[in-house]
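Since the structure comes first, as structure tokens, the remarks are kept for the end.
The values are calculated or read from the model by the stated rules, or taken from the named source; none is laboratory data. Since we're looking at a predicted model, the values are computed, not measured. Because the Cβ atoms are built from the backbone with ideal geometry, glycine has one as well, and the counts that use them run over all protein chains shown. The area values use the complete protein model at the heavy-atom level, side chains included, leaving out ligands, DNA and RNA. Shrake-Rupley method; radii C 1.70, N 1.55, O 1.52, S 1.80 Å.
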Amino acid sequence: MNLSTLRSLALVVAATVAASIQAQGINIHRVPKEGDSITFDMKGSIELGSQSLSFDMTSLERVAKVEASGNFTIEQTEQGLKINDQQIPVTGKPQSTVYKPTGEVATILGSDIGGEAYRMNNLTVILDPGKPVAIGDTWSRTIKGDPQIGSIDFKADYKVLGEEQMDGIDAIKLKCNIKETAGQRPESSDGIAWISKADGSLVRLETKWTAAPIPGLPEPANATIVISRVKAAR
């Protein structure tokens, strides 16, 4: 078998594998494993009126619990924070978020948790389409807010852009657009997410926030955000 024949055979095999993947579909589903942890770095800039702030925050996220119902708890601990290159002390106290199997936020546990926390979490959720999808497929989810916790109705739209390696991890690339559909100043996010093909966890997110209710700021702000995995799950 000569080199030309080998190359032709390789192309046929590659095309067959790609067609098989498309036929089987891609699962956009988080499969958490209790005890797994990932370190993330979140960099960005916040625009508040005429002011601009840059920040860099490192946090550790650990799967603290996986319930029989499929709900799972992510415990997040801030490990470092810089604002305009100035180091800011962090408490080190963890905050826990309980997610439904669909990816929807169920409960946030911690001190001083208000509606802003739920609304901010909703800016970055990846909601399960409920079935395998193919490259180019789209899906939408509409979630009702809960006045008791301060969350607001929102709609999330997703599109599968492809499969690629990101930071050495086989990932699924998604277009994500999330927008509140109620309230006086609806927040929204528009970005690209890469999620691990192995377990559906976040690998990287590049997004823009509009009218985000960032805790500690006097009014909603616009921001450009990059969240990247800096340490693989163990």
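Which net charge results for the neighbourhood of Met57, defined as the other residues with beta-carbon distances under 9 angstrom from its beta-carbon, given Lys and Arg at +1 and Asp and Glu at -1?
-1
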If one compares the long axis through the Cα atoms of helix 3-24 with the longest principal axis of the Cα atoms of the chain, the angle in degrees, nearest 10, works out at 50
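Rolling a 1.4 Å sphere over the protein heavy atoms, what is the accessible area per residue of the stretch 109-163, to the nearest Å²?
52
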Environment charge at Glu187 (Cβ cut-off 13 Å; Lys +1, Arg +1, Asp -1, Glu -1):
0
Taking only Cα atoms of the stretch 49-99, the Rg to Rh ratio with Kirkwood Rh works out at 1.18
A convex hull over the alpha carbons of the chain yields, per residue, a volume in Å³ of 160
Mean projected area (nm²) from the convex hull of Cα positions in the stretch 103-177 is 6.1
Local net charge near Gly115, Cβ-Cβ under 12 Å (Lys/Arg +1, Asp/Glu -1):
-4
To the nearest 500 deg cm²/dmol, what mean residue ellipticity at 222 nm is calculated for the chain from DSSP H runs of n ≥ 4 alone, each contributing -39,500 (n - 2.57), summed and divided by the residues?
-4000 deg cm²/dmol
Solution diffusion estimate, µm²/s, Stokes-Einstein, the stretch 167-234, Kirkwood Rh from C-alpha pairs, 20 °C, viscosity 1.002 mPa s:
160
May I ask you to give the percent of accessible area on the chain that is carbon plus sulfur, with a probe radius of 1.4 Å?
52
Tell me the accessible surface of Val31 in square angstrom (1.4 angstrom probe, heavy atoms of protein chains only), to the nearest ten.
80
